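The values are calculated or read from the model by the stated rules, or taken from the named source; none is laboratory data. Treat the numbers as computed from the prediction; the structure is a model and nothing was measured. Note: ideal-geometry Cβ built from the backbone for every residue, glycine included; neighbour counts use all protein chains shown. For the accessible areas, the whole protein counts, side chains as well, though only heavy atoms, and no ligand, DNA or RNA atoms are used. Shrake-Rupley method; radii C 1.70, N 1.55, O 1.52, S 1.80 Å.
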Amino acid sequence: MAEHAEHAAYPVGLRLSGRRVVVLGGGQVAQRRLPSLVAAGADVLLISPSAKPSVEAMADTGEIRWERRRYESGDLADAWYALISTDDPEANEAASQEAEDRRVWCVRSDDAEAATAWTPATGRSEGVTVAVLTGRDPRRSAAVRDAIVEGLRDGTLAAPHHRARATGVALVGGGPGDPDLITVRGRRLLAEADVVIADRLGPRDLLAELPPHVEVIDAAKIPYGRFMAQEAINNALIEHARAGKAVVRLKGGDPYVFGRGMEELQALAEAGIPCTVVPGISSSISVPSAAGIPVTHRGVAQEFTVVSGHVAPDDERSTVDWSALARLRGTLVVLMGVENSGNIAATLIAHGRGAETPVAVVQEGTTAAQRRVDATLATLGETVRAEGIRPPAVIVIGDVVAVHPTP
């Protein structure tokens, strides 16, 4: 096969669904390649005396078949594709020769020049598969792959759709504020939007990246009467979607974590408008993490509870069982609780939570303006006032606040 080494590889996409694929060796190469083979629907047979734990788990769940032995002549019979990655050079050479004799496309991890096929650096984005081959430079292949896939995902690489694009609304969770913490899918939908209706707490920096033709609407400035804010937003979503626009409702955090996402989804469903929900990173876990606080930690907290603090504990509209929360030993994360922080702390203490329980308040978490202020449950209200804490801020209550990287 050496005489073919200087010729460029001929790229092709293998359709392996239901077809026999033999993988020799259960090490790191198999660990990396097997998920893609399974995703392609291949009938995968692994032949190896041992395997990595993640590979063994795939066999245990029935995703692949595993014969715990070494390669034997004839193992590639009826195979369409073979991946040879054992640590036995003689077995690799024998299996490679069998693949050649049987006309089975064969990839070798130990000797690419002796193989009849190469595995490209592969990435996917919304139905597009990107495969890059650069001969003997796999790192460059991966770098080129990553650049193309990232461009497709965030919209910086122009790739217009030539089929009709479906209109409708996407409820996108933008994460806690740092624009890098929006999901890949959320960023792609933003890049394809005609109209973006954005919350104040969404990742505002992303709005500056939108093309000039995109209409950006500040949800806080939609005209509405008293107590009609959500209805006005719902009507705006419906109006623009019915006009044939691709609409993104950009929300802070996750659409369903105190984001009224279900209310908007229900309104769109009643109007007969298709809607896609894209989960986001909730500030309830990301903001404490950004401030160095684990919401759970072995030996300290085995659970964490997230509550809204925008309604005071003594308000008749409150549906939170504060007495039950006070009896919990884990972490309590309070969102939208700055204004009622003193009341919340006093209520928890009154129901049995220790007054010396550590508390941290993280303002503008994950952004350049982030700051953390520590207190105890007894001093929380006073500290919030003295430090001039303003929303958005996340309050973390529990012993995890005192956990630090170094003992």
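Checking the stated criteria, Ala378 turns out to be of a type outside the set (Asp, Glu) and open to solvent by 30 Å² or more (accessible area, probe 1.4 Å).
One residue alone among Ala393, Ala350 is among the small types (Gly, Ala, Ser) and more than 26 Å from Gly202 (Cα to Cα), and that residue is Ala350. Could you list, in sequence order, the residues of the range 237-254 that are in a loop (DSSP other than H, G, I, E, B) and charged (D, E, K, R)? Once the filter is applied, which keeps residues that are in a loop (DSSP other than H, G, I, E, B) and charged (D, E, K, R), the range 237-254 yields Lys245, Asp254.
Restricting attention to the range 48-57, does a residue exist that is surrounded by fewer than 18 Cβ atoms within 10 Å (Cβ to Cβ), in a helix (DSSP H, G or I) and more than 32 Å from the chain's Cα centre (by Cα)? For the range 48-57, residues surrounded by fewer than 18 Cβ atoms within 10 Å (Cβ to Cβ), in a helix (DSSP H, G or I) and more than 32 Å from the chain's Cα centre (by Cα): absent. Thr319 meets the conditions (1) in contact (Cβ under 8 Å) with a residue 24 or more places away in the chain; (2) open to solvent by 10 Å² or more (accessible area, probe 1.4 Å); (3) of a type outside the set (Gly, Ala, Ser); (4) more than 19 Å from Ala378 (Cα to Cα) in every case but one. The failed one is (1). When you scan the range 67-83, how many residues do you find that are under 12 Å from Gln97 (Cβ atoms), in a loop (DSSP other than H, G, I, E, B) and among the hydrophobic types (A, V, I, L, M, F, W, C)? The qualifying residues number 1. With respect to (1) within 19 Å of Ala112 (Cβ to Cβ); (2) among the polar types (S, T, N, Q); (3) open to solvent by less than 20 Å² (accessible area, probe 1.4 Å); (4) out of contact with any strand residue (DSSP E or B) (no Cβ under 6 Å at 6 or more places or on another chain), the lone exception for Gln97 is condition (3). Taken over the range 263-297, residues that are in a loop (DSSP other than H, G, I, E, B), surrounded by 16 or more Cβ atoms within 10 Å (Cβ to Cβ) and in contact (Cβ under 8 Å) with a residue 40 or more places away in the chain amount to 9.
Being small (Gly, Ala, Ser) and at pLDDT 90 or above is a condition met by at least one residue of the range 148-168. The sole residue among Ala346, Ala312, Ala350 that is open to solvent by less than 20 Å² (accessible area, probe 1.4 Å), out of contact with any strand residue (DSSP E or B) (no Cβ under 9 Å at 6 or more places or on another chain) and within 27 Å of Val373 (Cβ to Cβ) is Ala312.
Restrict the check to the range 69-83 and report whether at least one residue is surrounded by 13 or more Cβ atoms within 10 Å (Cβ to Cβ), among the small types (Gly, Ala, Ser) and closer than 18 Å to Arg20 by Cα. So far as the range 69-83 goes, yes, one or more of its residues are surrounded by 13 or more Cβ atoms within 10 Å (Cβ to Cβ), among the small types (Gly, Ala, Ser) and closer than 18 Å to Arg20 by Cα. With respect to the conditions (1) modelled with pLDDT of 80 or more; (2) surrounded by fewer than 18 Cβ atoms within 10 Å (Cβ to Cβ); (3) hydroxyl-bearing (Ser, Thr, Tyr); (4) part of a loop (DSSP other than H, G, I, E, B), Thr129 falls short on a single one, namely (4). Filtering the range 322-356 to residues that are within 21 Å of Val300 (Cβ to Cβ), over 33 Å from the mean Cα position of the chain (by Cα) and of a type in the set (Val, Ile, Thr) leaves only Ile349. In the range 36-70, how many residues are out of contact with any helix residue (DSSP H, G or I) (no Cβ under 8 Å at 6 or more places or on another chain) and either farther than 16 Å from Cys106 by Cβ or charged (D, E, K, R) (or both)? Selection size over the range 36-70: 17.
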